[in-house]
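Single-structure report; data block below.
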Amino acid sequence: QVDVNLVAATAETEPVPDDGDAADDPAVWVHPVDPSLSTILGTDKYGGLAVYDLAGRQLHFYADSEPNNVDLRYGFALGGRPTAIVATTDRATETMRLYSVDPTTRGLVPLIAVPTGAGLYGLCMYRSAETGRHYAFVTYDDGTVRQWELFDGGSSVRAIEVRSFRVPGFRPGGDQITEACVADDELGALYVAEEDAAIWRYGAEPDDTTPPVAID
């Protein structure tokens with residue numbers, strides 16, 4: 001018999017507009033001056049991207065896409081100024097969408113939609129401790145992982161693909177679903193979930209060729 005410790009929520013967000021398996025992935029933006037003004041970004045994968053305050057009240061909703069995953073990083077030089085940027089995978093248009101955070105409104109400013117090809121699924125971001133460069137990883141439902149480096153484009157962002165690989169279970173015609181990923185900026189590690197197989201650890205730098213390690 002397994003002992004189960006019940007954990008009660010202290011708050012919850014308002015429901016996203018769409019029903020069913022719609023609310024999918026969150027990220028938290030920490031306000032640079034007042035942590036109480038931080039926000040939660042949440043995907044409605046059938047209808048848009050929501051921004052909530054810490055009490056769960058919806059502040060903004062962007063019905064511009066069907067975002068599956070969302071992530072963010074701080075300190076991106078946008079027009080030469082340090083900016084927090086947000087990335088999502090939009091399965092409706094097969095693009096990676098990028099936004100900047102407006103600290104005054106706590107809302108998002110759309111920047112660019114980067115074509116990423118069919119079958120995209122999950123996403124995570126990475127800022128290299130070695131170089132300070134920013135990256136986005138996009139996962140695909142055939143087991144592919146692609147890495148883009150993000151550059152300052154003045155009023156927008158430029159993205160260039162710098163690496164592509166497949167999870168160890170890949171076989172042609174197989175069903176190697178990869179969705180969730182997360183990067184550890186301090187240690188330079190990327191963790192990718194291959195469903196029904198393992199959580200794999202890779203090096204997050206674009207030139208890393210270290211074989212993946214099964215963490216779980």
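Would you mind stating whether residue 56 is out of contact with any helix residue (DSSP H, G or I) (no Cβ under 6 Å at 6 or more places or on another chain) and either over 22 Å from residue 115 (Cα atoms) or acidic (Asp, Glu) (or both)?
yes
Scanning for something surrounded by fewer than 19 Cβ atoms within 10 Å (Cβ to Cβ) and either in contact with a Leu (Cβ under 8 Å, 6 or more places away or on another chain) or of a type in the set (A, V, I, L, M) (or both), does segment 15-23 turn up at least one residue?
Yes, that holds for at least one residue.
Confirm whether residue 172 is at pLDDT below 95, over 17 Å from the mean Cα position of the chain (by Cα) and open to solvent by 20 Å² or more (accessible area, probe 1.4 Å).
yes
Identify all residues within segment 38-53 that are surrounded by 21 or more Cβ atoms within 10 Å (Cβ to Cβ) and of a type in the set (Ser, Thr, Tyr); write none if there are none.
Correct list: 39, 43, 52.
Are any residues in segment 73-89 within 12 Å of the chain's Cα centre (by Cα) and surrounded by 22 or more Cβ atoms within 10 Å (Cβ to Cβ), and if so, which ones?
Those that are within 12 Å of the chain's Cα centre (by Cα) and surrounded by 22 or more Cβ atoms within 10 Å (Cβ to Cβ): 85, 86, 87, 88, 89.
For residue 112, only one of the following conditions fails: (1) assigned to a strand (DSSP E or B); (2) at pLDDT below 95; (3) of a type in the set (A, V, I, L, M, F, W, C). What is its number?
(2)
Of the conditions (1) at pLDDT below 95; (2) over 13 Å from the mean Cα position of the chain (by Cα); (3) among the small types (Gly, Ala, Ser), residue 180 fails just one. Which one is it?
Of everything listed in (1) at pLDDT below 95; (2) over 13 Å from the mean Cα position of the chain (by Cα); (3) among the small types (Gly, Ala, Ser), residue 180 misses just condition (2).
Got a sec? Which of 59, 6 is open to solvent by 20 Å² or more (accessible area, probe 1.4 Å), in contact with a Phe, Trp or Tyr (Cβ under 8 Å, 6 or more places away or on another chain) and either among the aliphatic types (A, V, I, L, M) or at pLDDT 95 or above (or both)?
Being open to solvent by 20 Å² or more (accessible area, probe 1.4 Å), in contact with a Phe, Trp or Tyr (Cβ under 8 Å, 6 or more places away or on another chain) and either among the aliphatic types (A, V, I, L, M) or at pLDDT 95 or above (or both) holds for just one of 59, 6, which is 59.
Could you check how many residues of segment 90-100 are touching a residue at least 40 places away in the same chain (Cβ under 8 Å) and surrounded by fewer than 22 Cβ atoms within 10 Å (Cβ to Cβ)?
The total comes to 1.
Collect the residues in segment 134-165 that are crowded, with 18+ Cβ neighbours inside 10 Å and out of contact with any strand residue (DSSP E or B) (no Cβ under 7 Å at 6 or more places or on another chain), keeping them in residue-number order.
Residue satisfying the conditions is 142 alone.
Consider segment 103-128. How many of its residues are open to solvent by 10 Å² or more (accessible area, probe 1.4 Å), in contact with a Ser or Thr (Cβ under 8 Å, 6 or more places away or on another chain) and hydrophobic (A, V, I, L, M, F, W, C)?
The number of residues fulfilling the criteria is 6.
Residues that are under 28 Å from residue 111 (Cβ atoms): find the strands (runs of 3 or more DSSP E) completely inside segment 155-216 holding 3 or more of those.
157-166, 178-184, 189-194
The values are calculated or read from the model by the stated rules, or taken from the named source; none is laboratory data. This structure is a prediction, so every number in the text was calculated from the model and none was measured. Methodologically, a virtual Cβ is constructed for each residue, glycine included, from the backbone with ideal geometry; neighbour enumeration extends over all protein chains shown. Heads up: the accessible areas ignore ligands, DNA and RNA and are worked out on the full protein's heavy atoms, side chains in. Shrake-Rupley method; radii C 1.70, N 1.55, O 1.52, S 1.80 Å.
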